[in-house]
Amino acid sequence: MVVGEPNPKEIVQITLILNRRDSAPEPDRISRQLTRAELRDLHGADPADIRAVEEFASANHLAIARLNPAARTITLCGPLSIIAGAFGADLALSEIEGKILRTREGSLYVPDSLRGRVMAVMGFDQRPIAKPYHRFHPRSSASVAYTPRQVAQLYSFPTNTGANQTIALIELGGGFQNSDLQTYWSQLDLPDVSTTAVSVDGAQNSPTGDPNTADGEVVLDIEVAGGVAPGARLAVYFAPNTDQGFFDAINAAIHDEARNPSVISISWGGAEPEWTPQAMNAFNAAFHDAALLGISVCVASGDNGSFDGEPDGNAHVDFPASSPWVLSCGGTTLEAQNGKILSETVWNDSTSGGGATGGGVSSHFSRPAYQAKVNVPPPQATVNPTGRGVPDVAGVADPYTGYTIIVDGMEGVVGGTSAVAPLWAGLIALFNESLGKNLGWFHRSLYGTLAQHKALNDITSGSNGTYEAAKGWDPCTGLGSPNGQAILKILQQLPKK
């Protein structure tokens, strides 16, 4: 609901994302993973484009707050009236979830001097762009629950610890309490897992004290990733829940030379129709950068079934899980006994209001080459004949066969595809340590050699609404849940680049 107009004198920061100076190849077409300096020099911002933005800023009496040539971002700072006027932004103040936020409607205008140079502009709209995908409930005798260590055993994870690896966790709210983590690691008979909070755009580690808030998401990510890879360092990047904040957090992790993450886990997202095409393209380019650098990115596919919470009756997928440069992670229901899997099916508790795994076909991104040989159905509500199939892989996500965690002093059971992204991130950290190098973007191997050798547990039973599980890849659980030792054995045999 619109309640007024923003203060034209307010000093704001707007991020411009510039085009690449040269088109970047697919990671499998380069002989080795790039260094950050090589990424900047080969595929960063064109110096001529940077100069054009600087001249534009000077002419409009704006300041350059930040410049990152490798990430192709420039942040402009100045009065809202000047910046909004320059880009033709139609702004208002709106009440959203009890907060008064600046919102934007319609399209943006790119000034003539910047046309062809700017891919996206972020920062005008303060609306929350993403939701966390976790479901918390207190521990009860009616639910089955596993520790991350037990899940790792069920999925035959390697027994190393992920030493010398850093896992980046992207968070858009909430926080963690060190006392909860210390208690949890002690219960798992693990030493304290190194966990560092990193502030992006002023956001902080700010636990609310309520496990049903974003706290549950933050702690779930930490305790799952740390539980399966306790020797890894965890870097938790906190950012505002806006498209600008989300984007800045991802870039902060990708280009963090001090912590040097080898894998990134993202458990936040939103249905594709909730995003602008320019924002999805900008995020996708950042994920492409991560792939070129050898950084794996694991993303939750959503907890609202094939419709992804949209009311139009069409099937939709979640973004950023639909980016072709990320490992999209779906969810299962897992039944086990005495350390062995009894059954694993598509997670779908939607009839009882408990959620279901996201999955389907992108309406924005075309089908990538690595999915050419799998049966991806056509996307709905779009003129595109093909789309990127979601997810790629899966893992246990049903909160009724979920993960035990401790958050805000309370022990509970959590599910959701939010748990699957850090689970796979932890597994990849184990692979990286064992291989002695970053696995990075491995989709061609995933859909090729790994799928041919049936190195994943194929899920063939269940539905997420529109789509049914089937042999091989399907739009519910992708290629299946991990068999860690089998995957690692094949990865060790692949030709070295």
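The values are calculated or read from the model by the stated rules, or taken from the named source; none is laboratory data. Everything quoted here is computed from the prediction, not taken from an experiment. Methodologically, a virtual Cβ is constructed for each residue, glycine included, from the backbone with ideal geometry; neighbour enumeration extends over all protein chains shown.
Among the candidates Leu62, Leu108, Leu76, which residue alone is at pLDDT below 95 and touching a Phe, Trp or Tyr at 6+ places or on another chain (Cβ under 9 Å)?
Numbers: Leu62 fails: at pLDDT below 95; Leu76 fails: at pLDDT below 95.
Exactly one residue qualifies, and that residue is Leu108.
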The stretch 274-365: strands (runs of 3 or more DSSP E) wholly inside it with 1 or more residues that are at pLDDT 95 or above and more than 19 Å from the chain's Cα centre (by Cα) are 327-337, 340-346
Residues that are within 18 Å of the chain's Cα centre (by Cα) and either under 30 Å from Glu171 (Cβ atoms) or not assigned by TED's automatic domain parsing to the domain that holds Ser262 (or both): list the strands (runs of 3 or more DSSP E) wholly contained in the stretch 380-492 that include at least 1 such residues.
393-396, 410-415
Being within 20 Å of the chain's Cα centre (by Cα), farther than 30 Å from Ile14 by Cα and free of Cβ contacts under 8 Å to residues at least 60 places away in the same chain, is that true of even one residue in the stretch 191-204?
yes
If we only count strands (runs of 3 or more DSSP E) wholly inside the stretch 139-248, which ones have 2 or more residues that are touching an Asp or Glu at 6+ places or on another chain (Cβ under 8 Å)?
166-171, 233-238
Which fully enclosed helices (runs of 4 or more DSSP H) of the stretch 23-107 have 3 or more residues being out of contact with any Leu (no Cβ under 6 Å at 6 or more places or on another chain) and more than 30 Å from Glu5 (Cα to Cα)?
36-43, 47-59
Positions within the stretch 222-248 being under 16 Å from Arg149 (Cβ atoms) and of a type in the set (D, E, K, R), in sequence order
Glu223
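Kindly provide the set of residues from the stretch 199-215 that are buried (at least 21 other Cβ atoms within 10 Å of the Cβ) and either within 15 Å of Asn241 (Cα to Cα) or at pLDDT 95 or above (or both), ordered by number.
Result: Val200, Ala203, Ala214, Asp215.
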